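Working notes, structure below.
Values in this text are rule-based calculations from the coordinates and carry no lab data. The structure presented is a predicted model; accordingly, all values stated were derived computationally and were not measured. So basically every Cβ, Gly included, is an ideal-geometry build from the backbone, and we count neighbours across all protein chains shown.
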Amino acid sequence: MSKDLRSYLAELEQHWPDASLRIGREVDPREFHVSAVLQHLENRGDQRVVRFHKSRDLEGRPTDFSLAYNLFVTRELCARAIGLAPADAKMPLSLEFSRREAKRIEPEIVPPSRAPVKEVVRTSRDVDLSRVPMFRYHEQDIGFYLTMVAVMKDSEENFYDVSFCKNLYVSPKRLTVSLQRKLHKHLLNIVEKNEERDRETPVAMVIGHHPAFYLGAGALTTFGNDDYGTIGSFLDEPVRLTPSETLGEDFLVPADAEMIVEGIIPPHSAEIENPFGEFSRYYQPQVAVPYVDVTAITFRRDAIVQGIFPGHPGHFNLGSIPKEGSLYREIKRVFPGVQAVHMPHSGVGRYSCYVSIKKRREEDGKLVGTVPHVFTNQLQFVVVVDDDVDVFNEQEVIWAAVTRARFDKDINFMKGMPRSDRVIIDATVPFNEPFPRKAVVPREALEACVLEEWIDHGKAVGAAPSARKGKHVGS
Amino acid sequence: MSVREDIFWVACPKCGEKFYCDVQLRHGLIKLMCPKCHHRFLDSESPQIIE
């Protein structure tokens, strides 16, 4: 059986039952039910996959669709999605991501009769997007959005690009395609190449697939890469593809998706979208983007509509994990002593980066700190620490910064960058002056201590309330 | 996308809701849309613009 969203969710429930949560009450897109539940869970530190079993549509009608959220909410879930143990969720996950990016598994083509996503086919007059659950998440979001990926094909070079791209519901047969010039260079390149020849651009949105499918779509590939092959590498098996319903036999869509929305982007089309609460946790400004005239919706009978809670931990992980492995490799080229790279949630997985190194020369911290800025244009802030600091533990990183950096000389700026200078903090121990030693518990003592053998699992010593009744300590 | 986008704030002429837009929409021919009441209007119709 090929990997898909429902097989993943079933596997998760079977082998890791505490990792998912069922919501039985019906959610209504018009009432912010989904984001209210997800926000409450986040506030209480609950990081489970969430299955909403009943959803209404945009007009408030009951549907046969269910919803799946929080598939990427922890690094452990992302690790599991590509077959790693949760214990490998820190740097091993980022490095494995980087390895998978460099590999390909070619897709397999199956006829529509073997494609679960073709169980229900709606074309022409039967297309009605208002019957699909889409959601507003934040107070000022302008409307209902899909938040997954779009597929486009470069017909001249014959490759598919698959990238995250949200879509605003405009009408029963129209969505926007949020092609922000700064974020979606690949897809926009294809649209603009077609526009130069006054041609339409076929596009398909993939709403629900195995999480490894989406992790592969988030890989940092170059323009011209056939992304279905890369996604196969993340799934560790060929992506099964099938001919589209309305975009031509040679436009292939994922056969094992839950839902595919097909359509045509007219040349030079423009529609308003945003405000929308984005990964930055701010509303993205209103802007004009292309729109898609929807020609078909195909789905499984009881399709699971997958979504991402924008500007929250799953969204941050989708930004950080693909970049960490690539940055590690780029730094390693010029500085073999790099130990780990992390882009924390406090920087929304994109704006800040912590790097640990085995320092050999005084200037190492400052030089290494320049490299991430060269390779990620969104990055604002880099902190370089020694290898005794865990870059996945922000408290340790900030401790290193406030105790090891001399702010008059260890904060450096890359000047003249767009919008704001970029910052590098060298928080490594200086070699050229006497410096205190970090206090640690002896390693031998730690290794000799098996904690479970030391903990008394009976009554806490001296804690019996009845024994202390009426007595005052120190009286 | 950086947090420091080139934006301008507008107020909806119908309901007064304030929101911001990318500068590419300033003095443009495409109508803005109020996120609260969905009224469409040109930026020149806004009672308040902050840029």
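Kindly write out, for the stretch A:288-299 in residue order, the coupling ³J(HN,Hα) from the Karplus curve 6.51 cos²θ - 1.76 cosθ + 1.60 (θ = phi - 60°), rounded to whole Hz, with x marking Gly and Pro. Per residue, the Karplus-derived 3J(HN,Hα) values read 9, 9, x, 10, 10, 8, 6, 10, 7, 10, 10, 7 Hz. With both labels modelled 7 Å from their Cα along Cα-to-Cβ, the A:Arg22 to A:Glu363 distance reads 6.3 nm.
Taking all Cα pairs closer than 8 Å and separated by 6 or more residues, the relative contact order of chain A comes to 14 percent. Taking amide H positions as placed 1.01 Å from N in the peptide plane, with prolines and chain starts having none, which residues 5 or more places from A:Gln306, or on another chain, fall under 5 Å of its amide H? Hits under the 5 Å cutoff: A:Ala68, A:Gly208.
Please go through the stretch A:1-30 and write out the GluC sites (Glu not before Pro) that DSSP classes as loop and that have at most 16 other C-beta atoms within 10 Å. Filter output for the stretch A:1-30: A:Glu26. Among the trypsin sites (Lys or Arg not before Pro) in the stretch A:307-386, those placed in a DSSP loop whose Cβ has at most 15 other Cβ atoms within 10 Å are A:Lys358, A:Arg360, A:Arg361.
Got a sec? Which residues in the stretch A:163-204 would a label at A:Arg61 touch, if it sits 7 Å along Cα→Cβ and we count backbone N under 15 Å? Only A:172-173 pass the distance filter.
Could you list the GluC sites (Glu not before Pro) in the stretch A:260-294 that lie in coil according to DSSP, counting only those with at most 10 other Cβ atoms within 10 Å of their Cβ?
Loop-located and lightly packed - none at all.
Based on other C-beta atoms within 10 Å, arrange A:Glu363, A:Glu76, A:Glu249 from fewest to most.
Numbers: A:Glu363 11, A:Glu76 19, A:Glu249 8.
Ranking A:Glu363, A:Glu76, A:Glu249 by Cβ neighbours within 10 Å, fewest first, gives A:Glu249, A:Glu363, A:Glu76.
Pairs A:Lys323/B:Lys18; A:Lys103/A:Lys185; A:Lys3/A:Lys90; A:Lys366/A:Lys438: which are spaced more than 26 Å apart, C-alpha to C-alpha?
A:Lys323/B:Lys18
Counting partner chain Cβ atoms within 10 Å of every residue's Cβ in A:284-294, what's the average?
Per residue, the number of nearby Cβ atoms from other chains is 4 on average.
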